[in-house]
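Here is the structure we will look at, set down as structure tokens.
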Amino acid sequence: MYAIFYKEWIKTRWYFLLAVLATLGFTGYCMLRINRVVDMKGAAHVWEVMLQRDVIFIDMLQYIPLIAGILMAIVQFVPEMQRKCLKLTLHLPYPELKMTGNMLLSGLVLLLACFATNFLLMEIYLNGVLAHELKNHILLTALTWYLAGISGYLLVAWICLEPAWKRRILNLVIAVLLLRIFFLSPTPEAYNKFLPYLLVYTLLTASFSWLSIVRFKAGKQD
């Protein structure tokens, strides 16, 4: 298991560092926007705008976690398929489902670590300028987008691991429809009541990759 984690780390380490820097850059820029408003008009103005106009100041981040998750899956699994390494990996004396689960888990751990740095930055800065309720208003809105990033990673991994190109196209269409659920409403905190269901929904998408592995192992190409 540790050998699998190390192998996945070797493949993804540079992208992980790039993803952390890039997502922190976007997050930091959003915090600077808030800081600029605070410097020019005061924290009270930020509170007023958030309460009266429902502005959250981090709209730029909406699709950033999704892009980060998709690219993580591509970096991790496309070389695996192109170099036909997966076939060799699946012949190791280790259960196939556990093997797949560990590969996905390694990517998820890195992705969660990346996203955690974003939330930590927002938590530290927003604590100093906003009331607890307003800070949570921003963070809970962002949480849906970060769940979309995790789901995007799992769904694109499913597409990459699928051995048949026709099925990949079908899987892509299904993935787009499933990811659309995370962006149906632009209203901040619109998904609050559904966050536990979205979390379960996101975790269930991990099982899709196992279907592709079963098809790959069976040699299905259509």
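The values are calculated or read from the model by the stated rules, or taken from the named source; none is laboratory data. Owing to the predicted nature of the structure, the values given are computational and were not obtained by experimental measurement. Please note: Cβ atoms are built from the backbone with ideal geometry, for glycine as well, and neighbour counts cover all protein chains shown. To get the accessible areas, we keep the full protein, side chains included, count just its heavy atoms, and leave off ligands, DNA and RNA. Shrake-Rupley method; radii C 1.70, N 1.55, O 1.52, S 1.80 Å.
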Report, ordered by chain and residue number, the aspartates and glutamates lying within cross-link reach of Lys11, taken as a straight Cα distance under 15 Å and ignoring same-chain residues fewer than 8 apart.
-> Glu80
accessible surface per residue for the chain, probe 1.4 Å, DNA/RNA/ligands not counted, whole Å² -> 54 Å²
How many angstrom lie between the C-alpha centres of the stretch 109-128 and the stretch 1-76?
-> 8 Å
Accessible-area value, Ser185, 1.4 Å probe, nucleic acids and ligands omitted, Å² | 40 Å²
Per residue of the stretch 37-48, in order, report the coupling 6.51 cos²θ - 1.76 cosθ + 1.60 (Karplus, θ = phi - 60°) as ³J(HN,Hα) in whole Hz, putting x for Gly and Pro.
-> 5, 4, 5, 7, 10, x, 5, 4, 5, 4, 4, 4
In debye, nearest 20: dipole of the chain around its Cα centre with unit charges on the Cβ of K, R (+) and D, E (-)?
-> 900 debye
Mean residue ellipticity at 222 nm from the helices of the chain, using -39,500 (n - 2.57) per DSSP H segment of n ≥ 4 over the full residue count, to the nearest 500 deg cm²/dmol?
-> -27500 deg cm²/dmol
At 20 °C in a medium of viscosity 1.002 mPa s, the chain has a Stokes-Einstein diffusion coefficient, with Rh taken as the Kirkwood radius over alpha carbon pairs, in µm² per second, of 114 µm²/s
Ignoring the sites themselves, what is the longest stretch of the chain with no trypsin sites (Lys or Arg not before Pro) in a DSSP loop and at most 16 other beta-carbon atoms within 10 Å?
-> 85-219
Are any of the pairs Lys193/Lys217; Lys98/Lys135; Lys98/Lys166; Lys41/Lys193; Lys7/Lys193 more than 32 Å apart by Cα-Cα distance, and if so, which?
-> Lys193/Lys217; Lys98/Lys135; Lys41/Lys193; Lys7/Lys193
Return the carbon/sulfur percentage of the accessible area of the chain, one whole number, probe 1.4 Å, all protein chains in place.
-> 71 percent
